[in-house]
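What follows is calculated from the coordinates using simple rules that are stated; it is not laboratory data. This one's a predicted model, so the numbers in the text were calculated from it and none came from an experiment. Every residue, glycine among them, receives a Cβ derived from its backbone with ideal geometry; neighbour counts consider all protein chains shown.
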Amino acid sequence: MEKIFDLLDANPEISQRELAKLTGLSQRGVEWNIKKLKDEGSLRRVGGRKAGHWEVVTKE
């Protein structure tokens with residue numbers, strides 16, 4: 001989860017598909033980790049699916 005967090009912090013417009021390639025996780029695994037980060041309030045999505053980006057709220 002830390003690697004996903006760092007990648008999103010470095011590139012807020014990265015796709016889940018790209019995250020899966022860079023982390024070695026399945027796309028479903030990336031979705032699960034992003035949901036967990038969103039649920040704990042560390043990450044939020046700004047904008048829509050295609051034109052939006054990720055915003056890191058806190059960094060541990």
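Candidates Glu55, Glu13, Glu18: the one that is in contact with a His (Cβ under 9 Å, 6 or more places away or on another chain) and not basic (Lys, Arg) is Glu13. Within the range 1-15, which residues are in a loop (DSSP other than H, G, I, E, B) and surrounded by fewer than 14 Cβ atoms within 10 Å (Cβ to Cβ)? Selection gives Glu13, Ser15. Considering the range 16-45, and only residues there that are of a type in the set (Gly, Ala, Ser) and closer than 15 Å to Val56 by Cα, the residue that is surrounded by the fewest Cβ atoms within 10 Å (Cβ to Cβ) turns out to be Gly41. So, Gly48, is that one at positive phi and either within 8 Å of the chain's Cα centre (by Cα) or not in a helix (DSSP H, G or I) (or both) or not? In short, no.
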